[in-house]
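We did not get these values from a lab; they are worked out from the coordinates using the rules stated. Source: prediction; values computed, not measured. Here Cβ is always computed from backbone atoms with ideal geometry, including for glycine, and neighbour counts include all displayed protein chains.
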Amino acid sequence: MSRHQPHGSPCLTRRCFVQAAGSGFLLAVAGVTTGCGDQEQWGVILSDPRLCGACSRCAITCAALNADGPGVAQALVGPEQHYQERQFDNANWYAATCRMCPVIVEDEQQVSPACVAACPVGAAQIAPEGHPIFGDERVRFIDQDRCIGCGNCVTACPVSHPLLDDGVARKCELCIGRWGAPPCVEACPSRALLYFPVWRGDIPAVFPCQLEALQAGLV
Amino acid sequence: MSDFGGWAGKILWVDLTAGKLHTEETWQWVPERIGAIGIGLALVWHHVPPGTGALDPANLLFIGVGPLTGSWAPCAGRAVAVSLSPAGYPVEHVGQSSVGGQFPTELKWAGYDGIVFVGRSPTPVVLVIRDSQAELMDATDLWGRDTFSTQQLLQEKLGDRRAKALVIGPVGEKQARTGAMIHGTGHALGQCGFGGVAGSKNLKGIVVRGTGKVRTATPLASFRGRLDDIRRSLAVMQSVISADKDSRSRWRARDDFGWHGADEPIPIGAIPPDDLSRQGLRHCGSDFYMGGVLRPWHVKNSGCVGCVMNCFSTVRGRDMPKGIPEHGEMNCVQMQTGYFRRVRDDKVVSNASRWAVLAAKQLADMTGLNAYDFRMQLNVLVQLRFGNEGSYREQLDAHLRDELDALPWESIDEGGDNGLGFMMAVFETQRVAEPDADSIAAWLLQGAPRAAARFAMLDDIWTGAHGQFEGFEGFRVSYGAHGQRAHYGPERYGLPAGLHWSIWNRDPNRHEHNGLVSWSGLSWEQKQRVAEIHFGDPGAIDDPSDSYQLGEPTAARIELARMLAVRSMLKDSLTLCDWVFPNYCCPDPKKEYAGNLELEAELYSAVTGDEISADALDLRAEASVDLYRAITMRDWNTADMRGGPGYQSGGRGHDQGGDYKGHDNLAEWYFDTSADPPRLNRAELEAGKTAFYERMGWDPVRGGVTRDKLTALGQPEVADGLTELGLLDDDDSAR
């Protein structure tokens, strides 16, 4: 197995990914927290299951703004996305987000982000820096004009994030192009979601749960 | 079809006798009846024959949502049930109960404004809804199961863990008047015994998966800024503004505040009311209500769908007895379910442990026994065992005395296990009770008033003789009216509370009144100024520390009482949460902390596109108050609703052969003239009733709704119906 950093993509190792996912703080992206030095990062929404009260305001807001009407089945964020892992209580609910998976290449084959790797027509993409809509956020997005609605991205996604809607797949694009900043984050009354715009070098000082950030050695 | 936003447009009818389903359009009822309780009351009026018993197949159970439910409106995640209430005492009159969580919005997103259950299924069934597909499913294998495992099994049967269920447990199956319908691990359609109604219909529950959406006349994109303003005005539940640690607010986030039940304690700290991103972290009911009993187990807060406050406490117990889940959601009443403190010779000899508190809450929800009713059950039991110097116990039939003595009383005494064993035993005896047996457990299932009547205690409970309900200290539980235990009653909340406890068919539960008077975090002078802004007189509210004062029926007090009735009906129609609406107070000192009482109408207009003023919307809700009154007159078979001295609402209920008049009454102990300090002045309450009746356009003498009033608000057919029953003397309406 070999790993290397494709041109223009952040470096992440599987070790970093596992460390972050196992931290108890269900990061939407691997590699943000620790172990990877100060290399380039990208925009992401983080969720903290310990603060999420399952009120679904994020989901209602997402669907109301991006799917023409509140109804959490159309939402790209929210407790609904988490049911497959849910125990029968609210303690384990959290507002699942797209994890904006890191670029991982194994045996010269890109395996992550899984949606990008699984897409047979190149509709699932990573936005390049300076993208006219997504700016420098390196958003993993789906080109609706190319999407054929095969559902491979849904199947491949580790959290089954994309939705098939009217024959095409939709996924979280951080709302950068539409609303300027993620409105789901603004809607959360419990600071269980936090948006990290793209940054380079220093880790942001503010985290949704300061304690967790402290544990992760981030502040 | 309609161009209105908000409503789904369909009501699902389920004929359980025939096993047939059909849908009807919602538009025959709305926008005039708004939704939820407004529709439910109309259905009960039109479809339930006079004289029907609550547990008869002819009774109708409606569970509905409103135009705001599932929309982007804040705190609109509730459903309301309407039916004849088996918990009503002494008459099984119409009642209402609401439930939050995730079920109500799921029902709306499935495309329904409500479900109507009529008849009785020959075998146990569950209603299964997948969007537009609805069917009855055999539930024989679920009968007898607790509510938690039933919901899990339903999700597994549907192969969809996103499905949301509202189900009854063994208590509801026994057609108990204390039966609740439970959703999730803590949301209850609790009051009024509707779990027993569902049980009487062989309806184990409803499971629904909704993948649709709510169309709103105003897209959120153009309302976001205003929505943030509204959230700032709401600030936090019950308009609390203070982060002061000394505040009486139950939303007192403070520097030393945190959640201690998480794997690592989570510091929360003080939160200013203008920080919208953290309002859901503020409340900690397990800290506030329980004096810290459950604090070590508080994991986090949670809320109903659409909430911006998150008032529920998610608790994770440790080392719970086998069969009792460690995780549970709860709020005030549930936390108090098993709480007690036993004092002997001024010394606390036994105090509810957190294990007992959580066990009682979980067992109430799992068996489907209304936690609120359980408090009164518990006190009847304790009084039966210890009260009146043992004479209640001594006069019991031998088999009842043996059953009483067999309970593990040592559990709640010195050297016991601080109540854990006792709570488990009391629930278990009811779980396995034969409902028709002459046993203590079976009578408790019938609710405290009927049990007390059987045990020859009811008259004493009604009058306050022999110090009833003082067996447990820490929580004093008293009889209020209509079969319900006192809760935010007139002893502290004055004339408006006295009127509502008299006229409403259940615990009126005016949280918004308590929010204004008690919990807002404002100084008393600031609260009075808010009352003056809204009602023209700072004396509209009364200082709750000045107990047992009703006072004169001033215009402001009566206006507040009318507002409480109308807005209660409105929030149960839209549906909104009464811990938040109406917005009496806000955190803005520039507004002298006065909130915005037009928010309901603003949200309604924006979501539905039915532009309407707050006053006009209030009148639609007031029509529902009148209809509620008319149905109650029909249920009591009387035009004389006033009650008062000489009327006795104790004794045997009409389901037991009684015959009663005088609905608008309070338990007699409220007026005990020998008490020191003096209790309520009966004449003041009667004067208040007269003024309130006049303000509502009701008969000022007998308190019944009049033809003039019904006609004025567009309900002449209701007046005709009452006339046919001999309950509306049309000559009287002119006086």
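Evaluate the Debye formula for the range B:186-239 with equal point scatterers sitting on the alpha carbons, no solvent, and hand back log10 of I(q)/I(0) at q = 0.21 Å⁻¹, in q order, two decimals. Log10 I(q)/I(0), no solvent term: -0.87.
By DSSP, the beta bridges lying fully in the protein assembly as shown are antiparallel in about 85 percent of cases. When B:Leu722, B:Leu21 are arranged by Cβ crowding within 10 Å, least crowded first, meaning fewest neighbours, the order is B:Leu21, B:Leu722.
Would you mind calculating the relative contact order of chain B from Cα pairs under 8 angstrom and at least 6 residues apart, reporting the percent as a whole number? Let's see the in-between values first.
On the way: 1750 pairs, mean separation 107.1, N = 735.
Relative contact order of chain B: 15 percent.
Placing one equal scatterer on every Cα of the range B:554-624 and applying the Debye formula, the log10 ratio I(q)/I(0) at q = 0.11 Å⁻¹ is -0.28. For the range B:334-487, the direction-averaged projected area of the alpha-carbon convex hull comes to 8.3 nm². Think of the protein assembly as shown as a dipole: +1 on every Lys or Arg Cβ, -1 on every Asp or Glu Cβ, centred on the Cα centre; then among A:Pro158, A:Ala59, B:Trp109, A:Pro158 lies furthest on the positive end. Length, then width, then depth: along the principal axes, the Cα atoms of the range B:114-225 run 51, 30, 27 Å. Among B:Cys332, A:Cys62, a tally of other beta-carbon atoms within 10 Å of each Cβ gives an order, fewest to most, of B:Cys332, A:Cys62. Count Lys and Arg as plus one, Asp and Glu as minus one, and take only other residues whose Cβ is under 10 Å from that of B:Pro31; the net charge is then 0. Label sites at B:Ala58 and B:Asp405, each approximated as a point 7 angstrom past Cα along Cα to Cβ, lie 4.6 nm apart. How large is Rg/Rh for the protein assembly as shown, to two decimals, with Cα atoms and a Kirkwood Rh? The Rg/Rh ratio comes out at 0.98. Separation of the range B:26-95 from the range B:561-584 is 16 Å, based on Cα centroids.
Kindly provide the Kirkwood hydrodynamic radius of the range B:79-178 in Å, to one decimal, from all pairs of distinct alpha carbon atoms. Mind showing how you got there, number by number?
Numbers: mean 1/r = 0.0668 Å⁻¹.
Taking the inverse mean of 1/r over all distinct Cα pairs, the range B:79-178 comes out at 15.0 Å.
Along the range B:506-514 the Karplus relation, 6.51 cos²θ - 1.76 cosθ + 1.60 evaluated at θ = phi - 60°, assigns HN-Hα couplings of 8, 3, x, 6, 7, 4, 5, 5, 5 Hz to successive residues, with x for each Gly and Pro. Taken residue by residue and averaged, Cβ atoms of other chains lying within 10 Å of the Cβ of A:56-69 number 6. Note on the range B:1-144: antiparallel DSSP beta bridges, both residues inside, total approximately 85 percent of the bridges counted. Whole-Hz Karplus values for the range B:486-501 come out as 4, 6, 6, x, x, 4, 10, 10, x, 4, x, 5, x, 5, 5, 5 Hz, taken residue by residue from phi with 6.51 cos²θ - 1.76 cosθ + 1.60 and θ = phi - 60°; glycine and proline positions read x. One quarter of the surface of the convex hull around the alpha-carbon atoms of chain B equals 29.1 nm², the direction-averaged projected area.
The rule of thumb for compact globular proteins, 2.2 N^0.38 Å, goes into the C-alpha radius of gyration of the range B:483-614 1.04 times.
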